[in-house]
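Trainee: Would you mind keeping the following structure in view while I ask a few things?
Quick note: the coordinates plus some simple rules give every number you see, no bench work behind them. Everything quoted here is computed from the prediction, not taken from an experiment. Here Cβ is always computed from backbone atoms with ideal geometry, including for glycine, and neighbour counts include all displayed protein chains.
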Amino acid sequence: MTSRYQRPTGTLDILPAERPYWRYLEHTVHEVMHLYGYEQIDVPVFEHTELYVRGVGEGTDIVEKEMYTFQDKGNDSLTLRPEFTAGIARAYVEHHLYKQPQPVKLYAIGPVFRYERPQAGRYRQHTQVSVEAFGEEDPALDFEVLHLAYHLFRQLGFQHLYFQLNSTGCPACRPRYVEALKAYYLEHYDEIDADCKRRLQRNPLRVLDCKADQCQPVIMAAPKILDYLCDDCRTHFHTLRAYLDAAGLSYVLNPRLVRGLDYYTKTVFEIWAEGIGAQAAICGGGRYDGLVAELGGPSVPGIGFGAGWERIILAMKAQGITPPPLPPLHVLVAHMSSTKATAVQLSAQLRQAGIATWLAFGDRSLKSQMREANRLGVAYTIIVGEGEVARGAVTVRDMRTGQQTEVPLTDVVTWLRAALSTSPEPAS
RNA sequence: GUGACCGUAGCUCAAUGGCAGAGCACCUGGUUGUGGCCCAGGAGGUUGGGGGUUCGAGUCCCCUCGGUCACCCCA
């Protein structure tokens with residue numbers, strides 16, 4: 001049957017079979033965040049449109065063509081969040097968190113929305129964990145954030161990931177670099193493709209990560225931003241690298257790494273995974289020292305990153321990382337149709353006693369109910385048979401050994417608790 | 001927004017323009033009340049939708065919807 005309704009383009013239903021990945025990610029993220037002293041925050045799924053225009057930047061693709069913007073009934077222009085950082089920075093300012101001891105270290109988990117053409121690892125609604133630390137310019141904080149990301153992925157079981165690191169300078173030094181880059185590109189104007197000609201006008205730094213073969217020689221010989229950093233940025237970057245090197249956190253120095261959001265300053269980084277298509281970045285972020293001020297707050301530095309759940313899961317599958325399975329049910333209650341009433345009451349008692357129970361429905365053969373029990377992987381099947389009920393008892397079958405025991409109804413809970421505690425690993 | 005490829009059973013896929021099929025999954029039986037393995041049987045389809053060509057369309061053509069992948073860009 002073809003379904004009358006289907007999910008909107010670029011959205012995902014996460015069916016039970018997929019859930020273990022999500023549960024595992026969520027669990028691991030909370031654990032690692034706590035380990036590094038980060039606290040969870042939740043911000044609205046939509047904000048005033050202006051926040052993103054100011055925060056993310058007017059000329060960015062996100063703002064120009066990817067936002068889900070709508071008018072509400074009060075004629076306010078609202079936008080489904082296309083990223084977390086602006087909303088979290090807004091909350092930081094709105095609740096005067098800059099008056100608390102700094103740095104304020106936060107993380108958030110939830111859906112973000114961008115109107116894009118879907119492809120491998122890219123969806124219109126996707127899930128991110130966003131990590132943000134405000135109020136500290138010490139490169140030790142950059143190190144901490146990078147190390148947190150590294151730790152998170154190691155904890156998840158990743159072996160082969162590629163850390164990409166760069167510095168994009170600050171308002172003091174970046175303009176000089178952009179001028180130099182533009183001048184260089186104008187000299188090579190007829191060697192670059194149409195996209196790059198357009199980038200040169202709109203967002204010059206982006207020419208650096210052009211993928212067109214034609215542009216590669218030009219990129220290779222282009223001026224490097226690291227040669228243009230001001231003293232402050234250079235010192236910051238070198239200190240961070242020293243910390244990373246000492247910690248044995250290996251990375252690729254990638255002078256072509258630039259990011260599409262306007263707020264980034266100094267440190268920028270991404271983590272790439274293989275085997276998940278063209279959208280290889282499972283994590284991306286950097287420092288945004290001007291953002292809080294841009295949003296009307298005090299001049300407070302910040303750094304953070306976002307990591308995309310769906311891409312992480314793709315990468316896990318590509319690398320053969322499987323999440324721990326959910327625990328199966330403890331018991332299935334099977335019955336003859338004549339004993340169903342007893343079975344129904346027993347299932348309620350078992351659940352009240354904390355025993356995970358599947359009740360067989362309908363009037364089916366015991367064979368069929370046993371097959372169901374086998375499929376569910378329960379440790380025990382409780383057979384509510386006529387003879388047993390007449391004696392005030394049930395038969396309990398150990399699904400691993402096949403051994404059966406008649407247990408008085410009044411003792412079933414105690415019996416099962418004892419049995420389940422001695423054999424926590426159910427039959428599979 | 002641009003481009004390429006693809007829509008057949010719940011899933012993965014067959015079917016030269018000529019009877020819509022297989023494997024897996026599901027259900028039932030093989031045991032008057034017993035799972036897995038095995039065996040037998042069953043159910044399940046508007047071939048995404050609409051139009052056209054043709055004696056005849058899953059197959060060819062057009063439109064449309066959807067998916068996938070890539071570009072742009074991003075997690």
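Trainee: So how far, in whole Å, is the C-alpha centre of segment A:242-290 from the one of segment A:207-227?
Mentor: Value for the Cα centre distance between the two parts: 17 Å.
Trainee: Within 10 Å, Cβ to Cβ, of residue A:10, how many net charges do the neighbouring residues add up to if Lys/Arg are +1 and Asp/Glu are -1?
Mentor: That works out to +4.
Trainee: By how many nm would the segment from residue A:188 to residue A:401 lengthen if fully extended, with 0.36 nm per residue of separation less the alpha-carbon distance?
Mentor: Net length gain for the segment: 69.1 nm.
Trainee: Moving to a separate point now. Given the options A:347, A:233, A:155, identify the residue whose Cα lies farthest towards the positive end of the charge dipole of chain A (+1 on Cβ of Lys, Arg; -1 on Cβ of Asp, Glu).
Mentor: Working it through, the farthest residue towards the positive pole turns out to be A:347.
Trainee: Over 22 Å between C-alpha atoms is what I'm after, so list which of A:65/A:197; A:211/A:317; A:105/A:317 land there.
Mentor: A:211/A:317; A:105/A:317
Trainee: Suppose we keep just the alpha-carbon trace of chain A; what are its Rg and Dmax in angstrom?
Mentor: Considering chain A through its Cα atoms, Rg and Dmax are 28.4, 96 Å.
Trainee: Of the peptides A:393-404, A:189-200, how do they stack up when ordered by the mean number of other Cβ atoms within 10 Å, highest first?
Mentor: With the highest mean Cβ count within 10 Å placed first, the list reads A:393-404, A:189-200.
Trainee: Per 0.36 nm of contour for each residue apart, how much would the distance between residue A:220 and residue A:159 grow if the chain were fully extended, relative to their Cα-Cα spacing?
Mentor: Between residue A:220 and residue A:159, full extension yields an extra 19.0 nm.
Trainee: Pull up the cross-link candidates among the aspartates and glutamates for residue A:266, meaning alpha carbon to alpha carbon under 17 Å and not fewer than 8 places away within one chain.
Mentor: Cα-Cα hits under 17 Å: A:132, A:136, A:137, A:138, A:142, A:144, A:227, A:231, A:232, A:289, A:294.
Trainee: Between residue A:73 and residue A:4, what FRET efficiency comes out of the Förster formula 1/(1 + (r/R0)^6) with R0 = 30 Å and r the beta carbon distance, rounded to 0.05?
Mentor: Step by step, r from the Cβ atoms, then E = 0.55.
Trainee: Could you identify which residue out of A:386, A:47, A:137 has the top mean-square fluctuation in a GNM of chain A using Cα springs shorter than 10 Å?
Mentor: A:386
Trainee: Rounded, prolate or oblate: which fits segment A:331-417, taking a ≥ b ≥ c as square roots of the Cα gyration tensor eigenvalues, rounded meaning a/c under 1.5, else prolate when a/b beats b/c?
Mentor: Rounded shape, in that the Cα axes give a/c under 1.5.
Trainee: Per DSSP H run of at least 4 residues, take -39500 (n - 2.57); add these up for chain A, divide by its residues and hand me the 222 nm value, nearest 500 deg cm²/dmol.
Mentor: -11000 deg cm²/dmol
Trainee: Under the rule a/c < 1.5 gives rounded, and otherwise a/b versus b/c splits prolate from oblate, where does segment A:1-131 land using the Cα gyration tensor?
Mentor: Here segment A:1-131 falls in the oblate category.
Trainee: If r is the Cβ-Cβ distance from residue A:212 to residue A:375 and R0 is 51 Å, what FRET efficiency results, to the nearest 0.05?
Mentor: So, using R0 = 51 Å, E works out to roughly 0.45.
Trainee: With chain A treated as a Gaussian network of Cα nodes joined by springs under 10 Å, which of A:380, A:52, A:98 yields the largest mean-square fluctuation?
Mentor: Its mean-square fluctuation being the largest, the pick is A:380.
Trainee: Now a separate question. Taking only Cα atoms of segment A:276-343, what ratio of Rg to Rh do you get with Rh as the Kirkwood inverse-distance radius?
Mentor: Taking Rh as the inverse mean 1/r over Cα pairs, Rg/Rh reads 1.45.
Trainee: With the crude spin-label approximation of a point 7 Å out along Cα→Cβ, what separation in nm comes out for residue A:242 versus residue A:64?
Mentor: Label at residue A:242, label at residue A:64, 4.1 nm between them.
Trainee: What angle do you read, to the nearest 10 degrees and between 0 and 90, between the alpha-carbon axis of helix A:309-318 and the longest principal axis of chain A?
Mentor: 70 degrees
Trainee: If you build a Gaussian network model of chain A, linking Cα atoms that sit under 10 Å apart, which residue out of A:236, A:330, A:27 swings the most?
Mentor: A:330
Trainee: How large are Rg and Dmax for segment A:17-80 when only the alpha carbon atoms are used, in Å?
Mentor: 16.8, 44
Trainee: Starting from the Kirkwood Rh over alpha-carbon pairs, what translational D in µm² s⁻¹ does segment A:115-231 have by Stokes-Einstein at 25 °C and 0.890 mPa s?
Mentor: 141 µm²/s
Trainee: In addition: Place the peptides A:242-251, A:29-38 in order of packing, highest mean first, counting for every residue the other Cβ atoms within 10 Å and averaging per peptide.
Mentor: A:29-38, A:242-251
Trainee: Measure nothing fancy, just the Cα-based angle from helix A:231-247's long axis to the longest principal axis of chain A, in degrees from 0 to 90, nearest 10.
Mentor: 40 degrees
Trainee: Taking the dipole about the Cα centre of chain A, with the C-beta of Lys and Arg at +1 and of Asp and Glu at -1, give me whichever of A:28, A:381, A:267 is farthest to the positive side.
Mentor: A:381
Trainee: Expressed in nm to one decimal, what extension gain is obtained for the pair residue A:293 and residue A:28 from 0.36 nm per residue of sequence separation less their Cα-Cα distance?
Mentor: 92.1 nm
Trainee: Then there is this: Grab the eigenvalues of the alpha-carbon gyration tensor for segment A:172-244, scale each by 5, take roots, and send me the semi-axes largest first in whole angstrom.
Mentor: 26, 13, 10
Trainee: Sequence neighbours fewer than 8 away in the same chain don't count; with that in mind, list the lysines whose C-alpha is under 29 Å from residue A:340.
Mentor: By straight Cα distance, residue A:340 reaches A:367.
Trainee: So how tilted is helix A:340-352 from the main axis of chain A? Cα-based, degrees 0 to 90, rounded to 10.
Mentor: In chain A, helix A:340-352 runs at an angle near 50 degrees to the longest axis.
Trainee: Which FRET efficiency value, to the nearest 0.05, do you get for residue A:356 and residue A:98 by plugging their Cβ-Cβ distance into 1/(1 + (r/R0)^6) with R0 = 51 Å?
Mentor: 0.60
Trainee: While we're here: How much net charge surrounds residue A:214 when only other residues with a Cβ under 13 Å from its Cβ are counted (Lys, Arg +1; Asp, Glu -1)?
Mentor: Value of the local net charge: -3.
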